[in-house]
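Inspection log for the structure reproduced underneath, given as structure tokens.
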């Protein structure tokens, strides 16, 4: 099996961390040229307009501190709008329709 490691190599290198030895020693699959969205894997954060309740504070307990994105919950969201934006973002981030990269969707919110 393959192990994919999608880390921002450019950022790591700029901070003085050279991970080339680690990647080659353990046989991780990574993108060419250390790109974050590349030929092997692409991690896409919060694509589209998925419904969510977003807090402006990490320790907020008051509902007044929260904002609603696209209805807040899936039952109230606009699915057509979400899917339209999702497709637009995918086409922008991965323009090669023949790409064989694995796409990981990371929903942080």
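The values are calculated or read from the model by the stated rules, or taken from the named source; none is laboratory data. Nothing here was measured: the structure is a model prediction, and the numbers come from that model. In this analysis, Cβ positions are derived from the backbone assuming ideal geometry, glycine residues included, and neighbour counts consider all displayed protein chains.
Only one residue in 18, 13 is modelled with pLDDT under 90, in a loop (DSSP other than H, G, I, E, B) and in contact with a helix residue (DSSP H, G or I) (Cβ under 9 Å, 6 or more places away or on another chain), so which one is that?
18
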Being exposed (fewer than 10 other Cβ atoms within 10 Å of the Cβ) and at pLDDT 90 or above is the filter here, so list the residues in segment 21-47 that pass it.
25, 26
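Among residues belonging to segment 48-78 that are loosely packed, with under 14 Cβ neighbours inside 10 Å and within 30 Å of residue 97 (Cα to Cα), point out the one that is modelled with the highest pLDDT.
As a first pass, look at segment 48-78 and keep what is loosely packed, with under 14 Cβ neighbours inside 10 Å: 53-54, 56-65, 67-68, 73-76, 78.
From what is left, the residues that are within 30 Å of residue 97 (Cα to Cα) are 74, 78.
Numbers: 74: 92, 78: 96.
Ranking the qualifying residues of segment 48-78, first place goes to 78.
Considering only segment 57-65, I want to know if a residue exists there that is over 22 Å from residue 1 (Cβ atoms) and under 19 Å from the mean Cα position of the chain (by Cα).
There is no residue in segment 57-65 that is over 22 Å from residue 1 (Cβ atoms) and under 19 Å from the mean Cα position of the chain (by Cα).
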Scanning segment 1-10 for residues that are in contact with a strand residue (DSSP E or B) (Cβ under 6 Å, 6 or more places away or on another chain), in a loop (DSSP other than H, G, I, E, B) and under 26 Å from residue 87 (Cα atoms) gives 6
